[in-house]
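Colleague: Let me begin by handing over the structure; questions about it come next.
The values are calculated or read from the model by the stated rules, or taken from the named source; none is laboratory data. Computed from a prediction, not measured in an experiment: that's the story for all the values here. In this analysis, Cβ positions are derived from the backbone assuming ideal geometry, glycine residues included, and neighbour counts consider all displayed protein chains.
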Amino acid sequence: MATRKSRKDDAAPTEERNVENLVQEFIKLKQDAKKKGLKNAEVREIFLGRRKPSKRAATWVVRVVVGILFPCLLAVGLQLHQNDFDLENLMESLTSSPCAVEFPTLLDEMTRPIADCSMCKGIRSAPVLENISKEDFLQKYAYSGVPLLVKGATKSWTAMEAFSYEFLKDLYEGTEGALDAVNDDCQFFPYNTDFGSLEEAFNMSDARSELREGEESWYFGWSNCDQTVASALRKHYQKPYFLPDDSESSITDWLFMGWSGVGASIHIDHVDRPSWQAMILGSKTWTLIPPPECEDVCYTFNITLNQGDIIIVDTNQWFHSTYIHPGQLSLTIGSEYD
């Protein structure tokens, strides 16, 4: 007597084909977007030139949603409507393929709270101060969402002389478990490099690390979770002098390092608290972009940090990208504060 196949068994090959078809649709959408010019460098140039809010022009978020995300979501909806899907199998296929949009980023944006536009209304540039008291910082800037640039805020730090690519490489390679901690408990951001981990980044040749003639530029970032490394770093920097006495920085240090070119592409963070970042070496320009719901009353603008400057910005509310200026290695360290 023949064994009767279950309905689930009959559906399995069809389901696998449908998943593969959907994944291929996502890949095609990504390729089409790249053919239409959605490149990091070009996006950056667009935003460096745009300084006024526009009611007529669609925001970059709207363009992405209409041009890329909507077709993706429509494809998902049609496939789910027409076929029985194993959601776990679908998500595994999508996240293992070079899809048009990374799902965590998409889901984060879909669930992001609506912004209070008073934090950016009418602001055309960030305030730039030479000195600021703890009281003024607390009253005017600390939790307002208004970005701030404090010039020469690291005068007492020895990090300006101590920190370098070689210093950090030696520190991590000489601290047992520190590189593993970044992989296991923290985050590594390769950006436009081919590095798969901080360990790989610290294994680049001397010629590339120094960006000698003919070598490829690089830029990457990471968060530190190793307490031995944290203690070594904090011998050379302190909490910014203008943070209130009862304000505490996160135990996690964030470091970003590299040579000229596009640093981080446009994104928004999900770290719950405002951030500070200190320019230890080189110079970097931030492009701050208000949330799309605030476009009619807020402006996109740039902030350039030079060595010794500290930027305060709520990266949970401002979309942002960075550009590294040529001439010197860029190295920053920062954290969140409460």
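Colleague: Is there any pair with a first residue in the range 149-160 that is at positive phi and a second that is modelled with pLDDT of 95 or more whose Cβ atoms are under 6 Å apart and which are 6 or more apart or on different chains, and what are they?
Modeller: G152/G308
Colleague: I'm trying to understand the selection: among the residues of the range 267-291, which are surrounded by 17 or more Cβ atoms within 10 Å (Cβ to Cβ) and either hydroxyl-bearing (S, T, Y) or touching a helix residue (DSSP H, G or I) at 6+ places or on another chain (Cβ under 7 Å) (or both)?
Modeller: Listed by number, the residues that qualify are S275, I280, S283, T287, I289.
Colleague: Quick check on the range 176-196. Is at least one of its residues more than 26 Å from W286 (Cα to Cα) and not in a helix (DSSP H, G or I)?
Modeller: The answer is yes; a qualifying residue exists.
Colleague: Sticking with this one: Under the condition of being small (G, A, S) and surrounded by fewer than 16 Cβ atoms within 10 Å (Cβ to Cβ), which residue from the range 214-246 is farthest from G327 (Cα to Cα)?
Modeller: The initial filter retains those residues of the range 214-246 that are small (G, A, S), namely 214, 217, 221, 223, 230-232.
When the remaining residues are screened for being surrounded by fewer than 16 Cβ atoms within 10 Å (Cβ to Cβ), the result is 214, 217, 230-231.
Details: G214: 15, S217: 12, A230: 29, S231: 30 Å.
Selected residue: S231.
Colleague: Out of all the residues in the range 303-317, is one or more under 14 Å from the mean Cα position of the chain (by Cα), more than 17 Å from L243 (Cβ to Cβ) and part of a loop (DSSP other than H, G, I, E, B)?
Modeller: yes
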